[in-house]
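Okay, structure first, notes after.
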Amino acid sequence: MKKKVLACLVVLTMVGIVGSDAAFSAAKQVKCSDCKGKGGTVIAKNVICTWCQGAGKKTLSATDKMAKGTLKSTEKCTYCSGKGKSDQIEMCYTCMGTGKVDK
Ligand SMILES: [Zn+2]
Ligand SMILES: [Zn+2]
């Protein structure tokens, strides 16, 4: 009966996708009363970003079939905006982090 679990950052990415989907079907949705429409609660501020481990950037690698090799690039961490730290959010599972629920 766990209603809320500690959201990992992968889940937060999913929330972004769900959130954009929700925008298309927002007509019959109402604000989630569990999280007051926020989609989750900040449980810790300025914790080390788990995506970049506090580095503020990520090394991406992708296999390029045309070049027959592996491309590597360093990108600023989008989750923490390169700060290396971010707020830890406990996602609301009533609304799946969207802040809205179906009526
Ligand atoms: Zn909610
Ligand atoms: Zn980061």
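Return the residue satisfying two criteria in turn: it lies in region 30-55 and is within 11 Å of ligand 2 (Cβ to nearest atom) and not hydrophobic (A, V, I, L, M, F, W, C), and of such residues it is modelled with the lowest pLDDT.
Of region 30-55, the ones within 11 Å of ligand 2 (Cβ to nearest atom) are 47-55.
Remaining after also requiring not hydrophobic (A, V, I, L, M, F, W, C): 50, 53-54.
Numbers: Thr50: 86, Gln53: 91, Gly54: 94.
Among those residues, the one meeting the criterion is Thr50.
So that you can scan it fast, the table gives a plain yes or no per residue for (1) within 14 Å of ligand 1 (Cβ to nearest atom); (2) within 30 Å of Lys28 (Cα to Cα); (3) surrounded by 12 or more Cβ atoms within 10 Å (Cβ to Cβ):
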{"position": "Ile48", "(1), (2), (3)": "no, no, yes"}
{"position": "Ala55", "(1), (2), (3)": "no, no, yes"}
{"position": "Lys68", "(1), (2), (3)": "no, no, no"}
{"position": "Gly84", "(1), (2), (3)": "no, no, yes"}
{"position": "Asp87", "(1), (2), (3)": "no, no, yes"}
{"position": "Cys92", "(1), (2), (3)": "yes, yes, yes"}
{"position": "Met96", "(1), (2), (3)": "yes, yes, yes"}
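Would you check which residues across region 53-94 are among the aliphatic types (A, V, I, L, M) and within 30 Å of Gly37 (Cβ to Cβ) and list them?
Start the filter on region 53-94 by keeping residues that are among the aliphatic types (A, V, I, L, M), which leaves 55, 60, 62, 66-67, 71, 89, 91.
Ile89, Met91, listed by residue number.
The values are calculated or read from the model by the stated rules, or taken from the named source; none is laboratory data. From a predicted model like this one, the values you see are computed outputs, not experimental measurements. Reconstructed Cβ throughout: ideal geometry from the backbone, glycine too, with neighbour counts over all protein chains shown.
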